[in-house]
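Comments concern the structure below.
The values are calculated or read from the model by the stated rules, or taken from the named source; none is laboratory data. These figures come from a predicted structure and were not determined experimentally. Don't worry about glycine lacking a Cβ; one is built from the backbone with ideal geometry, like all the others, and counts go over all protein chains shown. Keep in mind that these areas ignore ligands, DNA and RNA; they rest on the heavy atoms of the full protein, side chains included. Shrake-Rupley method; radii C 1.70, N 1.55, O 1.52, S 1.80 Å.
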Amino acid sequence: MLDERDAAGPGRGWSTGAGDARPPIRAAGGVVWRPADDPGPADGHADARAPRGGMLVCLVHRPRYGDWSLPKGKLERGEHPLLAAVREVAEEADVRAVPQVRLPTVRYRSEGRPKVVDYWSMRAAATGGFQPATEVDDVRWLGVDEAIRLVSYPHDAEVLAAFGALPTVTGTVTLVRHAHAGKRATWSGPDTARPLDAQGWAQAHALAPLVALARPVRLLSASARRCVQTLDPAAALLDLPIEVDGDLDEPRPGQQPDECALAAAARLAALAATGAPVAACSQGKVIPGALARLSGRPDDFTTAKGGGWLLAFAGDHLLAFDRL
């Protein structure tokens, strides 16, 4: 990690400076929370339904800088920011955390270079027992307001304030589009039987650790073979079966796209309302319409093959959507 003592705040409009062509330092971290009446996360899940007023968040103390900050760290080469955020929380605070909602990205200068840090809210799920070390020598669990007063940098206070304004997340759905499966015109069999190609299998294996971050307890797939195969690596990683669900399918002959979008949106909302995290794989003609219905917003929800979303719900209401 780099020294933040020259950080002047969120700095959403910073520039790299004349003649500075270096790319920004990329980092990621999280606001990790647990219920105030929980003595500490153990193996299993913290209560995702705890009232926000009873939440504690995690701060770390770094002796090198003498500061209190949110746990975070630099991305490894080629690492997805969300993977880095969860990894850094585990390394700095010794907490295994489950990401829920993307929080504000902050930008500032550190040791003369621009730095970009992505943050997510995360539910504490398990801990190995923190041991002081040279990088982080203390961890505190505090109420949000107390944490805002303690942190050493304005950008951390901004992220904590954004977290404090969130409604309580009661469920998450990781929604992905099937990976690459070649061209329909070159496949002689029924389209539902079209399999992933080599590129698609590479995408499916890259998706698996992202899907696993949310710790889904169920995996659901549209009927098409390419959708089921897209979840195969995640199923192996999580040791879960894949359930085929026709509500996630593209339109059948004579069926209107809006019907499929409505069915998929209702299914995803019902799954989220159970409070158990799930992952689902659907298709390109379904996902945009379903997300538009769930969000009530005209955003562009076009999803690339092998791409996806982390969806956070309060009951059956979609609170936030983060493109993976």
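Values for this structure:
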item	result
Probe 1.4 Å, all protein chains present, accessible-area order of T168, T186, T302, largest first	T186, T302, T168
Assigned charges on the beta-carbon of Lys, Arg, Asp, Glu; the range 49-153 dipole about Cα centre (debye)	420 debye
Dipole of the chain, positive direction: furthest Cα of P190, L319, G275, with charges on the beta-carbon	P190
Residues with amide H under 5 Å from that of D118, placed H, sequence gap 5 or more	A27, A28, G29
Selected from L238, Q199, P209, residue furthest toward positive end of dipole (the range 174-252; charges at beta carbon)	Q199
Of all accessible heavy-atom area on the chain, the percent that carbon and sulfur account for (1.4 Å)	53 percent
Label corresponding to volume of the Cα convex hull per residue in Å³ when calculated from the structure given, among (i) 208; (ii) 146; (iii) 123	(ii)
Average accessible surface area per residue within the range 113-262, 1.4 Å rolling probe, Å²	44 Å²
Whichever aspartates and glutamates have a C-alpha closer than 15 Å to that of K74, once near sequence neighbours (fewer than 8 apart) are set aside	D3, E4, E88, E91, E92, E111, D118, E135
In Hz, Karplus ³J(HN,Hα) per residue of the range 201-209 (6.51, -1.76, 1.60; θ = phi - 60°; x = Gly, Pro)	5, 5, 5, 5, 5, 5, 6, 3, x
Inter-part distance where the range 282-324 and the range 116-194 are each reduced to a Cα centre, Å	17 Å
Size of charge dipole - the chain - debye, nearest 20, with Cβ of Lys, Arg +1 and Asp, Glu -1, no other charges	840 debye
Interatomic Cα distance distribution for the range 178-324, bins of 5 angstrom, percent	2, 10, 19, 24, 22, 14, 6, 2, 0
Theoretical ellipticity at 222 nm over the chain - DSSP helices of four or more residues, -39500 (n - 2.57) apiece, nearest 500	-8500 deg cm²/dmol
Test item: Cα-centred dipole of the range 148-212, Lys/Arg +1 and Asp/Glu -1 on Cβ, debye	240 debye
Interatomic Cα distance distribution for the range 138-216, bins of 5 angstrom, percent	3, 11, 14, 11, 10, 11, 9, 8, 7, 6, 5, 3, 1
Positive-end extreme of charge dipole, the chain - chosen from I25, V159, A222 (charges on Cβ)	A222
Hits among lysines - C-alpha to C-alpha of K305 under 24 Å, sequence gap 8 or more where chains match	K183, K285
